[in-house]
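Report on one structure; see the data block that follows.
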Amino acid sequence: MFLSSKGKILILAMGDLALFYLGLFFTLNLRYQTLVEPEIWLAHQWPFFWIHLLWLFIFYIGGAYDVKNFASYKKILGTTLKTMAIAAMMAVLIFYLAPGLKIAPKTNLFIDIAVVSILLVLWRRLFWFFIKKVSKIKVLFLGSTKEMRQFGEQLKNNPQLGYEPMTTPENVQLVVASADMIQDKEISGKFYQMVLLGISVIDFESFYESLTEKVPISIINEGWFLKNVNEINKKPFEQFKRVFDIIYAVVTGIITLAILPFIAMFIKLESKGPVFYKQKRVGKNGKIFELFKFRTMIKDAEKNKAQWASEND
């Protein structure tokens, strides 16, 4: 059985969600020293439902579901505990600051955080064992580029990605070939024969990008930019971004005006010189614009030439 990265992420996330509710169930039983009654469960269900959704979101943006980077259980554990700490702090803030809650689960929340953390550690251990043992696709790299060799070694050191690099063609399920081999008419005929035998063939660029969501540095040149960077298709996005930038600038500008006198006072007390620093920058399409920002260094600190920052500059 082979699971894609998305499949592994789904299993991991669904397991987390189940453990969140299992942790809540254990918490209420521990708190009230009896099997939780339906009324108590329903009273806690909806407040914790939103907390659990928030936790899933925090886990996602915190990298707890980035299976590609799960090179070791130690790394999985570290990422999980860090994101759980952030998720716990957010839950505490919500329950302490949100008005209108019919329950005051301060004690329950801390017990729940502890129980869920333990369950997550055990679940991550089981998941790590699972992804190491699950069947892997046997892949053979054909090409002599340094980048391909390094990526093959990376797959060997990261079994969670689901591929097993091979050195011989026996029992190979996938062949990853360099672009020049794919384009070679004589060699491409042999690749066609492999496909007829049930062996998948893919170019290194596509394989690399599908796993890492990045593009190999070796293929990036002027031709690649002409092919992939289309300014016309960016027009709607840029128009939307322009509107968003203006709204964001107005909101942050109002906030900045409120604290501007205090920042200006601190800058003046720290050293002599203007409050603002003006500098020319190069923007889109080579357009020159002037950037204004608060001065954070002494005046003329780099009068002669750019230099490394030093104490009291």
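Please determine whether any residue of region 234-255 is assigned to a helix (DSSP H, G or I), at pLDDT below 85, within 34 Å of the chain's Cα centre (by Cα) and closer than 30 Å to Asp203 by Cβ.
Yes, because at least one residue in region 234-255 is assigned to a helix (DSSP H, G or I), at pLDDT below 85, within 34 Å of the chain's Cα centre (by Cα) and closer than 30 Å to Asp203 by Cβ.
Determine which member of the set Gln160, Gln193 is part of a helix (DSSP H, G or I), free of Cβ contacts under 8 Å to residues at least 24 places away in the same chain and not assigned by TED's automatic domain parsing to the domain that holds Trp128.
Gln193
Pairs only if they're at least six apart or on different chains, beta carbon under 8 angstrom, first in region 251-277 and touching a residue at least 40 places away in the same chain (Cβ under 8 Å), second surrounded by 13 or more Cβ atoms within 10 Å (Cβ to Cβ) and assigned to a helix (DSSP H, G or I); list them, first residue then second.
Close Cβ pairs satisfying both conditions: none exist.
Please verify whether region 113-127 includes one or more residues that are in a helix (DSSP H, G or I), outside the structural domain of Leu10 (by TED's automatic domain parsing) and in contact with a helix residue (DSSP H, G or I) (Cβ under 6 Å, 6 or more places away or on another chain).
no
Which residues, taken from region 163-190, are in a helix (DSSP H, G or I) and either at pLDDT 85 or above or over 17 Å from Phe151 (Cα atoms) (or both)?
Asp180, Met181, Ile182, Gln183, Lys185, Glu186, Ile187, Ser188, Gly189, Lys190
How many residues are buried (at least 17 other Cβ atoms within 10 Å of the Cβ) and out of contact with any strand residue (DSSP E or B) (no Cβ under 6 Å at 6 or more places or on another chain) if we restrict to region 124-142?
4
The values are calculated or read from the model by the stated rules, or taken from the named source; none is laboratory data. Since we're looking at a predicted model, the values are computed, not measured. Glycine also receives a Cβ, built like all others from the backbone with ideal geometry; neighbour counts cover every protein chain displayed.
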